[in-house]
Amino acid sequence: MSVIAVRGFPLPFTLSNVVKTLARIISGHFEALNFEQGKLKGQKFKTCYLRLSEKLDPVRVVERINNSGKTLKSFRLCSFVPKRVPDLPLATKPKKLTQKLARALKIPDNDSPERVMKLASSEILIELQIKYPGLYHLSKKNGHQLLTEISKKIMDRLKEIEQHHSEALESGFRLTQWYRRMHPHFGDFQLVLGTLHALEDAACQMRTQLHEKELAAVPPQPYVFDNLPYSEVQKACAKYSDRIIKKITEHIKNLKSDVSENDTEDELVRKKVREELKKMAPFMPQVINVLKITIYRMANVGFGYWRKNFENHIAYGDFYRK
């Protein structure tokens with residue numbers, strides 16, 4: 001990391017003010033370390049020392065600040081690379097570019113090259129598995145050696161891009177963009193197939209004849225409802241629906257709904273609700289059947305849809321288990 005100095009800040013300026021003032025000009029990540037006071041033509045000013053990110057060229061940053069023409073009160077900001085950094089006490093909390101300000105100015109994250117490489121390779125590998133749903137099951141047959149070898153090849157390709165285009169390491173997005181320029185999407189299947197055949201050749205096995213449509217097809221999965229197979233849900237509903245209807249109907253008929261003079265206001269309201277329930281008693285079989293059909297449909301759509309739309313899906317599962 002390089003250290004530069006910026007001269008011309010007023011005395012009331014804090015490190016936070018420096019970061020906000022220079023963020024748009026520098027357009028990169030840096031850290032305000034501390035101030036050194038000076039005097040010019042009878043006026044006092046501050047010189048702030050900045051520690052720049054590894055991705056920033058100190059000479060270019062100095063040029064940007066000097067060419068910006070930024071003036072604070074009667075001083076124009078002047079930047080330079082100091083021959084010797086004074087032995088100033090480091091601020092208790094050196095101020096960095098905040099994430100909120102960096103996003104507002106569209107400054108990319110200050111990730112290390114190693115982290116950018118890992119993020120890019122992970123995103124490309126995830127993209128492959130989304131594009132080819134059958135890739136995971138194909139790799140599972142040989143203990144996931146296939147995915148391991150594919151990830152190694154992707155990393156080798158990214159390292160080659162790093163050697164010839166160092167600016168691609170600015171962010172994961174930029175690196176994956178360069179990857180797709182060098183290796184377009186239509187070559188993904190050949191990467192998978194070539195890696196698979198190389199593993200089979202090394203193990204002295206017959207080569208698998210694979211088509212891209214087969215790999216891109218979504219493998220069938222059994223529907224489950226709260227970890228219960230769909231067929232079991234059907235059986236449970238059919239087995240217990242009559243008993244549930246009978247139990248609920250008897251419960252409603254036995255509810256006390258007679259009003260007396262000594263009843264409180266809460267009891268009156270409760271008995272009124274019970275009376276309305278008794279009026280609905282003849283229709284309870286239809287209500288139970290509607291609930292049963294709803295469970296069928298939700299199980300058919302899938303557990304994710306059920307979870308999203310019904311927060312009490314676990315309660316229904318426990319209810320039908322009993």
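The value of relative contact order for the chain, using C-alpha pairs under 8 Å at least six residues apart, is 13 percent. Along the axis of the charge dipole computed for region 113-216 (Cβ charges of +1 for Lys and Arg, -1 for Asp and Glu, origin at the Cα centre), the listed residues VAL192, MET155, TYR179 are led at the positive end by VAL192. Pairs exceeding 25 Å between alpha-carbon atoms, taken from LYS20/LYS73; LYS96/LYS159; LYS235/LYS278; LYS96/LYS152; LYS239/LYS279: LYS96/LYS159; LYS235/LYS278; LYS96/LYS152; LYS239/LYS279. The convex hull drawn around the Cα atoms of the chain, when projected onto a plane and averaged over every direction, covers 33.7 nm². Relative to the dominant Cα principal axis of the chain, helix 58-68 is inclined by about 90°.
Bear in mind that the values in this text are calculations on the coordinates, not laboratory data. Note that the coordinates shown come from a computational prediction; the quantities given were computed from them, not determined experimentally. Ideal geometry is used to build each Cβ from the backbone, glycine not excepted, and the neighbour counts take in all protein chains shown.
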